[in-house]
Each structure stands twice: as structure tokens, then as C-alpha cells.
1. Can you name every residue in the stretch 40-73 that is of a type outside the set (D, E, K, R) and part of a strand (DSSP E or B)?
2. Kindly indicate whether any position in the stretch 42-57 is modelled with pLDDT of 50 or more, more than 16 Å from the ligand (Cβ to nearest atom) and touching a helix residue (DSSP H, G or I) at 6+ places or on another chain (Cβ under 9 Å).
3. Which condition does Ile88 not pass, out of (1) farther than 18 Å from Gly124 by Cα; (2) part of a helix (DSSP H, G or I); (3) within 16 Å of the chain's Cα centre (by Cα), if it passes all the others?
4. Among the candidates Ile123, Ile101, single out the residue that is part of a helix (DSSP H, G or I) and over 20 Å from the mean Cα position of the chain (by Cα).
5. Could you tell me whether Leu87 is within 16 Å of the ligand (Cβ to nearest atom) and under 28 Å from Pro46 (Cα atoms)?
6. Please list, ordered by first then second residue, the pairs with beta carbon atoms under 6 Å, 6 or more apart or interchain, first in the stretch 50-68 and within 16 Å of Gln137 (Cβ to Cβ), second modelled with pLDDT under 90.
Amino acid sequence: MAVPLHRSVHLGWLGRSGPLIDADQQSKHSEGQPGLFQAALSGLCPRCGKPTLFEAPASVAITCEACGLDFTKLERGARLAGLVTILIAALLIGAAIGVDIAINPPFWLQALFWGPFTIAATIGTLRFYKTALLYRQYDIQIEQKAQGE
Ligand SMILES: [Zn+2]
């Protein structure tokens, strides 16, 4: 009993689901599964773990090239992706204004910094958001299959 609980606490920081509530469920299919952060960073397929999830930096592929898993059946983030992007933009504008007021750097330095930083932050957040969503969908699908749905 103590071992799965320890495991789930270890995995729980990724915030996939309440670690104390479904400790048993977590330990069942997280065998060798990478953490969500790693999955988002490398774009790992939820079924085979190969880096096939993204066909473009922030665009989910149609199917997994390695195992053929249909990502279109899982991905539900397309509609909200715009909203997430707007949210990131708002946060970045706030941060840019804050930096401008605090240290007042020259314009060329700001342009040099905020350009790449904005692109990286947007792509990174969208990747993480889409991966989290897709893995959640995959978990639900696995559960439904296990229940013989
Ligand atoms: Zn795969």
C-alpha cells in the first residue's frame, strides 16, 4: 500500500489529477510514462512515447507516425487555443510594461528580447496546454475502454 502512494506523490506535482484521490488509477498506467512537462517539451505520443505528437512547433499532428494513434479523436484544444494565446499576450504586455517602468531599457534591447521571448512563451504554453489536454483525453479513453464502453 505504501509503494503506490509514494509513487503518486512523486508524479503528483505535474498536476495531472488529484494524487491522493486516485493513487491506484495513477499507478496502473503510468508505468514508464514520461512526465507531462517532458511530454510537452518533446511532444511525446501518449500511447507509444515517441516524439510524434507535434507536426509543427505548436500544432498537433493528425496521427502518430510510430503507432498510428489518431490524435484528432483526442485533441479538443483547438477552439480554446486562441483564448490561451490572448491570455499569454495580455500577460506578456503586462510584463513588458512592468519592465519598461522598472528599468526603462532602450527600445532596441526591448525589441530584441520581447520578440523571441514572446514566440517562445506562446509556443511553449500552447504545447503544454495541448499536451495536457490530449493526455487527459487519452486517459479518459483508456478508462472507457477498460469499462467495456
Ligand atoms: Zn504513438
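The values are calculated or read from the model by the stated rules, or taken from the named source; none is laboratory data. All of these numbers come straight from a predicted model, not from anything done at the bench. Don't worry about glycine lacking a Cβ; one is built from the backbone with ideal geometry, like all the others, and counts go over all protein chains shown.
1. The answer is Phe54, Ala56, Ser59, Val60, Thr63.
2. Yes, there is a match, as at least one residue in the stretch 42-57 is modelled with pLDDT of 50 or more, more than 16 Å from the ligand (Cβ to nearest atom) and touching a helix residue (DSSP H, G or I) at 6+ places or on another chain (Cβ under 9 Å).
3. Only one criterion is unmet by Ile88, namely (1).
4. Ile101 is the lone residue from the list that is part of a helix (DSSP H, G or I) and over 20 Å from the mean Cα position of the chain (by Cα).
5. When the stated conditions are applied, Leu87 does not pass them.
6. Pairs that qualify, where the first residue is within 16 Å of Gln137 (Cβ to Cβ) and the partner is modelled with pLDDT under 90, are Val60/Glu75; Ile62/Thr72.
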